[in-house]
1. If you take every DSSP beta bridge fully contained in segment 6-115, what fraction is antiparallel? Give it as a percent rounded to 5.
2. With +1 on the Cβ of every Lys and Arg and -1 on the Cβ of every Asp and Glu, and nothing else charged, how large is the dipole of the chain about its Cα centre, in debye rounded to the nearest 20?
3. Of (i) 32, 31, 28; (ii) 52, 30, 27; (iii) 37, 29, 23, which is the value of Cα extents along the principal axes in Å derived from the coordinates here?
4. Say each of E57 and H89 gets a label point 7 Å from the Cα, pointing the same way as Cα to Cβ; how far apart are those two points in nm?
5. Using the count of nearby Cβ atoms within 10 Å as a rough guide to exposure, how do M66, M8 rank from fewest to most?
6. Would you order V50, V6 from fewest to most other beta-carbon atoms within 10 Å of each residue's own beta-carbon?
7. Can you give the FRET efficiency to the nearest 0.05 for T69 and V13, using r as the Cβ-Cβ distance and R₀ = 25 Å?
8. What is the gain in length, in nm to one decimal, between R76 and R98 on full extension, counting 0.36 nm per residue of separation less the C-alpha to C-alpha distance?
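Here, each number is a calculation from the coordinates, and none is a lab measurement. Bear in mind the structure is a predicted one, so any value in this text is a computation, not a measurement. All Cβ positions, even for glycine, are placed from backbone atoms using ideal geometry, and neighbour counts span all protein chains on display.
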Amino acid sequence: MDEPAVSMGLRWVGDDAAVIDISGDVTAAAEPAFTSAYENAAKRGARRLVLNFGGLEYMNSGGIGMLVTLLVHASRHRQKLAAFGLSRHYREIFELTRLDEAITICDTEAAAVAAAS
């Protein structure tokens, strides 16, 4: 079985903001990496989650589904979500799917961290 063509790095900004750096293809095959990054952030007490899509190469409906699942988990844990680094194409997809109503889309990491406050 092929490995997913994605990596998810986790880093911290301040005490409560976790940035998940996404690189590669976000499809259903990326679910284990995505879940692991989220769970590691939650275990350390992240109140704010920032998704860095700067390294995103491709996302399909399976990837959109994972983001919806993330929204459910974040809502249950009262975590705020923001994102940055989306290309124009993926910003339009977020608008069409209304993900932009639940995940604040920003131009920079600093703006995304502040928006997730």
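1. Taking every DSSP beta bridge with both residues in segment 6-115, the antiparallel ones total about 30 percent.
2. So the dipole magnitude of the chain works out to roughly 540 debye.
3. (iii)
4. For the pair E57/H89, the computed spacing is 1.3 nm.
5. By the 10 Å Cβ count, ascending, the order reads M66, M8.
6. V6, V50
7. 0.60
8. Values: separation 22, 0.36 × 22 = 7.92 nm, distance 1.93 nm.
My answer for the length gained is 6.0 nm.
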